[in-house]
1. What tally of residues in the stretch 167-199 results from selecting those that are farther than 17 Å from residue 141 by Cβ and exposed (fewer than 12 other Cβ atoms within 10 Å of the Cβ)?
2. What are the residues in the stretch 119-146 that are free of Cβ contacts under 8 Å to residues at least 40 places away in the same chain and under 10 Å from residue 185 (Cβ atoms), if any?
3. Only helices (runs of 4 or more DSSP H) wholly contained in the stretch 52-166 count here; list those with 2 or more residues that are outside the structural domain of residue 228 (by TED's automatic domain parsing) and surrounded by 14 or more Cβ atoms within 10 Å (Cβ to Cβ).
4. Kindly indicate whether residue 119 is under 22 Å from the mean Cα position of the chain (by Cα) and on the phi > 0 side of the Ramachandran plot.
5. Please verify whether residue 181 is within 21 Å of residue 133 (Cβ to Cβ), at pLDDT 90 or above and in a helix (DSSP H, G or I), treating the condition exactly as stated.
Amino acid sequence: MTAVHEAAAPRVAESQDPADRRRRRLRRRGAVRSVVKHVVLIALSILMIYPLIWLVVSSLKPNSEIFTDLGIFTTDVTLDNYIHGWTSQQLPFSHFLINSTILVIGATVGNLVSCSLAAYAFARLKFWGRNAYFAIMLGTIMLPFHVVLVPQFIIFRQLGWLETFLPLIVPKFLAVDAFFIFLMVQFIRGLPKEIFEAARIDGAGHVRIFGQVTLPLMVPALATTAIFTFIWTWGDFFGPLIYLRTRENFPVSVALKGFIDAQSSSNYGAMFAMSVVSLIPLFLAFLLGQRYLVKGFATSGIK
């Protein structure tokens, strides 16, 4: 019995040690802080995705209940909005999805080709005025789109490109998106110089170095450019609204406006339903490419 008490005594003394109590108190505070942080983050996440949840739920409600019941729970579920929205605009909604797909493919290919070439030139070639041209290129990021809208419209009208996809695709092949050029320049500059020096020793020229050395290493930056171009082009409303006037040429972003009529009744249910349909490609693009987005920004030095 005495031995038991003697063995327990050190444990009691140890449990009463001030440093041990302080460590346990810090662990409890850390656990409480972690719980509070996660609760706040979950609450903010719910607050941020609530409009999207409400959009999906409202697309399944009858038109008469969309604005009378703003909750995200409903028992009166119907697919009529999807059926009506797909067929109510003289053309099936798939036609507008195809138009958006054409614009996205053209803009994405144009940005990948032109921006990668321009980035390689700024990062690896030495030519007169390189720094000045690079500074001017970065300055165009701060230039609002509306400043060049009228001159561009006049040029495209004189070329006879109105009512076509050319004004929205051809400029992408001229490296007009300075942000993506800057992203790729930072990425290329972060690559080891020894790789390029070894290629030069092997007798490779700039064309071969760009095609066989630089491009394979630029996959994260290229994927980031492709994903952002896809998202921005798919959701662009102002550009197609300026250059496209006929319904046959409308992309999804402009076609959704056809459900709203200021002179007569508007079909918000059909608009919400087709909005959900148009969000699916964006969701898939971000879901499939999110790891490339993170890697592309991390390795390019952009914070």
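The values are calculated or read from the model by the stated rules, or taken from the named source; none is laboratory data. Predicted model, so just to flag it, every value in this text is computed and none were measured. All Cβ positions, even for glycine, are placed from backbone atoms using ideal geometry, and neighbour counts span all protein chains on display.
1. Within the stretch 167-199, residues that are farther than 17 Å from residue 141 by Cβ and exposed (fewer than 12 other Cβ atoms within 10 Å of the Cβ) number 4.
2. Of all residues in the stretch 119-146, those free of Cβ contacts under 8 Å to residues at least 40 places away in the same chain come to 121, 126-133, 135-136, 139-140, 142-144, 146.
Listed by number, the list holds a single entry, 121.
3. Numbers: elements: 63-66, 80-87, 93-124, 130-139, 145-158.
Answer list for the stretch 52-166: 63-66, 80-87.
4. no
5. Details: within 21 Å of residue 133 (Cβ to Cβ): yes; at pLDDT 90 or above: yes; in a helix (DSSP H, G or I): yes.
In short, yes.
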